[in-house]
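A short write-up of the structure that comes next.
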C-alpha cells in the first residue's frame, strides 16, 4: 500500500492529505492554492516537534518549519504577580475577617500589616518594560513575609 502524500498551506496553517483532495475541492473552501508537498519524514518531524512544545509555522517561502513559541514576557510577569497576590489574599483572609470583627490578636495584626505591605509592593511593581526573558528574570519581586 502506497503511503499518503501530505501538503501544507501557509494561508490556513493546515496540513492536507492527497487522498482527501477530491473532498476538499468539492467543499466551499476548496483545496488551498498555496499547498506545498511535504515528505512523510518532514510531516513526522514537524508533529514530533509540535508535541515537544515547538510551533509549526511557514517560512518565507511558505514551507512549514518548527519555531520556538512566542512568549509574551510582560503577560507572564503579570500572571506571576496575580499568582502572588492570590496567595497573599488566601493567607490574609482569616486575619482580615478577625480584624473586622475586632477579634484579631496583636501578633496576627502585625502579620497582616506585613502581608498588606507585601501586597502593596507587588501592586506597585512596574512591569511595562518587560520585553524578553532577560528583563523578566530581572523583576525584583518583593520577599514574602
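The values are calculated or read from the model by the stated rules, or taken from the named source; none is laboratory data. From a predicted model like this one, the values you see are computed outputs, not experimental measurements. Positions of Cβ are generated from backbone atoms using ideal geometry, with glycine treated the same way; all protein chains shown enter the neighbour counts.
Within the range 69-81, the set of residues being touching a residue at least 12 places away in the same chain (Cβ under 8 Å) and either in contact with a strand residue (DSSP E or B) (Cβ under 7 Å, 6 or more places away or on another chain) or within 22 Å of residue 123 (Cα to Cα) (or both) comprises 69, 73, 74, 76, 77, 78, 80, 81.
Filtered by the rule that a residue be surrounded by 12 or more Cβ atoms within 10 Å (Cβ to Cβ) and farther than 29 Å from residue 69 by Cα, the range 21-48 gives 21, 24. From the list 62, 14, the lone residue that is touching a residue at least 40 places away in the same chain (Cβ under 8 Å) and either surrounded by 12 or more Cβ atoms within 10 Å (Cβ to Cβ) or more than 30 Å from residue 142 (Cα to Cα) (or both) is 62. Among the candidates 93, 75, 88, single out the residue that is in a helix (DSSP H, G or I) and within 15 Å of the chain's Cα centre (by Cα). The unique qualifying residue is 75. Here residue 49 fulfils each of the conditions (1) closer than 26 Å to residue 19 by Cβ; (2) assigned by TED's automatic domain parsing to the domain that holds residue 129 apart from (2). When you check residue 112 against the structure, is it touching a helix residue (DSSP H, G or I) at 6+ places or on another chain (Cβ under 6 Å), outside the structural domain of residue 18 (by TED's automatic domain parsing) and surrounded by 15 or more Cβ atoms within 10 Å (Cβ to Cβ), yes or no? Yes; evaluated as a whole, the condition is true for this residue.
Rundown of residues vs (1) surrounded by 12 or more Cβ atoms within 10 Å (Cβ to Cβ); (2) closer than 30 Å to residue 13 by Cβ, yes/no style:
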site	(1), (2)
68	no, yes
74	yes, yes
101	no, no
116	yes, no
136	yes, yes
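Could you tell me whether any residue of the range 21-43 is in contact (Cβ under 8 Å) with a residue 24 or more places away in the chain and within 30 Å of residue 129 (Cα to Cα)? Checked against the condition, which is being in contact (Cβ under 8 Å) with a residue 24 or more places away in the chain and within 30 Å of residue 129 (Cα to Cα), the range 21-43 yields no hits at all.
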